Amino acid sequence: MSDASPLSRLTAALDAAVFGQQRVLEDLVTAFLARGHVLLEGVPGVAKTLTARSMAGALGLLFTRIQFTPDLMPADILGTNVFQPQDHAFRLVKGPIFTEVVVADEINRTPPKTQAALLEAMEERQVTIDGVSHALPPHFFVVATQNPLELEGTYPLPEAQLDRFLMRVRVGYPEATAETTMLRAFHQREGKPAITHQVLDAPTLLELQSRAARVSCDDSIIKYVVAIVRETRTNPRVRLGASPRSAQALLAASKARAALMGTDFVTPDDVKAVTFSVLNHRLLLKAEAEVEGITADDVLKQTLERVRVPR
């Protein structure tokens, strides 16, 4: 991939705004190329919202942040029909979901009824209000965030909704050098927020997503993906393994990852690179495994070690 390629310009713009989160940025771009959605999980202050905002700016897409709270209702997200006396008719007042990049901040702090309001939007890219369907923009992209530590008074996402996210990406602390660079940039901006300038236009975005979907995939890679998914179902520590839809998500993300890396075919390394983010929220572990401190990532690491890599 040349330095002037669209994806190079995108990653360079993001690197200039978000420091020390290279893996998170790669996963976010990968999910966008695969037309999926992302759940960012991390403690406050690790640039979850900034990352999504910077990506929207670099892509030239409309950005909306919705703060999820216990009193948030579905209509507050989707919108509602309001009667207009002067016209003797109802008019749709669109909610903040009618945007291109939406950050659902602290999604687990709102009740299940409101969480479910996102399901149709994420899966069908449309919302239904009073029986009428309304299409969302073609680049509609949800980045939800949640704090994995503060669980009191929250509503954990059910498996059905977790499955709508192509990836769950854990955001940690940056390394010391990256944090120093970030603080130096903050000082030079005199405390003002970073501004990410648009580097891609709408036709280019569509072409990038189409290119990711067209990435070639050898039959051995397809069998490799199937083997990984099926191995999770036989692991004695797993109560519920990855579903067939998980296999589709893993393949789509692998193709998008290959496109991001500048190749036109999927390699086993592409599959391995996205396996944890794509599958870690789709496995249900047995209670005894959780008591032992076993995590989904531990199971997936073991899975990759057991499944034979195609040559």
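The values are calculated or read from the model by the stated rules, or taken from the named source; none is laboratory data. Keep in mind that this is a model prediction, so the values were computed, not measured. Here Cβ is always computed from backbone atoms with ideal geometry, including for glycine, and neighbour counts include all displayed protein chains. Accessible surface is based on the protein model in full, side chains and every heavy atom, while ligands, DNA and RNA are left aside. Shrake-Rupley method; radii C 1.70, N 1.55, O 1.52, S 1.80 Å.
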The condition of being in contact with a helix residue (DSSP H, G or I) (Cβ under 6 Å, 6 or more places away or on another chain) and more than 16 Å from Arg35 (Cα to Cα) holds, among Leu200, Leu183, only for Leu200
Counting only helices (runs of 4 or more DSSP H) wholly inside region 165-280, the ones holding at least 3 residues that are over 19 Å from the mean Cα position of the chain (by Cα) are 176-188, 202-213, 219-234
Of (1) closer than 20 Å to Leu166 by Cβ; (2) of a type in the set (Asp, Glu); (3) surrounded by fewer than 20 Cβ atoms within 10 Å (Cβ to Cβ), Asp15 satisfies every one except (1)
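Which residues, taken from region 240-279, are open to solvent by less than 50 Å² (accessible area, probe 1.4 Å), polar (S, T, N, Q) and at pLDDT 95 or above?
Ser246, Ser254, Thr267, Thr275, Ser277
Return yes or no: is Val225 modelled with pLDDT of 95 or more and within 26 Å of Glu290 (Cα to Cα)?
Numbers: modelled with pLDDT of 95 or more: yes; within 26 Å of Glu290 (Cα to Cα): yes.
Answer is yes for this residue.
Considering Arg245, Arg230, Arg282, Arg257, which residue is under 16 Å from Val299 (Cα atoms), among the charged types (D, E, K, R) and in contact (Cβ under 8 Å) with a residue 60 or more places away in the chain? Give the steps one after another, and end with the answer.
Working: Arg245 fails: under 16 Å from Val299 (Cα atoms); Arg230 fails: in contact (Cβ under 8 Å) with a residue 60 or more places away in the chain; Arg257 fails: under 16 Å from Val299 (Cα atoms).
Unique residue meeting the criteria: Arg282.
Would you point out which residue out of Leu78, Leu50 is open to solvent by 10 Å² or more (accessible area, probe 1.4 Å), closer than 27 Å to Val132 by Cα and of a type in the set (A, V, I, L, M)? Walk me through it before giving the result.
On the way: Leu50 fails: closer than 27 Å to Val132 by Cα.
So the residue among Leu78, Leu50 that is open to solvent by 10 Å² or more (accessible area, probe 1.4 Å), closer than 27 Å to Val132 by Cα and of a type in the set (A, V, I, L, M) is Leu78.
Would you check if Leu39 is open to solvent by 10 Å² or more (accessible area, probe 1.4 Å), in contact (Cβ under 8 Å) with a residue 40 or more places away in the chain and under 17 Å from Thr145 (Cβ atoms)?
Details: open to solvent by 10 Å² or more (accessible area, probe 1.4 Å): no; in contact (Cβ under 8 Å) with a residue 40 or more places away in the chain: yes; under 17 Å from Thr145 (Cβ atoms): yes.
It is false that Leu39 is open to solvent by 10 Å² or more (accessible area, probe 1.4 Å), in contact (Cβ under 8 Å) with a residue 40 or more places away in the chain and under 17 Å from Thr145 (Cβ atoms).
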If we keep only residues of region 142-164 that are out of contact with any strand residue (DSSP E or B) (no Cβ under 8 Å at 6 or more places or on another chain) and outside any loop (DSSP other than H, G, I, E, B), then the residue modelled with the lowest pLDDT is Ala160
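What residue, among those in region 88-128 that are hydrophobic (A, V, I, L, M, F, W, C) and in a loop (DSSP other than H, G, I, E, B), is surrounded by the fewest Cβ atoms within 10 Å (Cβ to Cβ)?
Filtering region 88-128 for residues hydrophobic (A, V, I, L, M, F, W, C) gives 89-90, 92-93, 97-98, 101-104, 107, 116-119, 121-122, 127.
Then drop every residue that is not in a loop (DSSP other than H, G, I, E, B), which leaves 97-98.
Details: Ile97: 23, Phe98: 20.
So, considering only residues that are hydrophobic (A, V, I, L, M, F, W, C) and in a loop (DSSP other than H, G, I, E, B), the one surrounded by the fewest Cβ atoms within 10 Å (Cβ to Cβ) is Phe98.
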Counting only residues that are part of a loop (DSSP other than H, G, I, E, B), farther than 26 Å from Asp201 by Cβ and open to solvent by less than 60 Å² (accessible area, probe 1.4 Å), region 129-141 contains a total of 0
Of (1) of a type in the set (A, V, I, L, M, F, W, C); (2) farther than 21 Å from Ala160 by Cβ; (3) touching a residue at least 24 places away in the same chain (Cβ under 8 Å), Leu240 fails just (2)
All conditions in (1) open to solvent by less than 20 Å² (accessible area, probe 1.4 Å); (2) assigned to a loop (DSSP other than H, G, I, E, B) are true of Ile294 except (1)
Reported set for region 209-239 where residues are open to solvent by 20 Å² or more (accessible area, probe 1.4 Å) and closer than 30 Å to Pro6 by Cβ is Ser210, Arg211, Ala213, Arg214, Ser216, Cys217, Asp218, Asp219, Ser220, Ile222
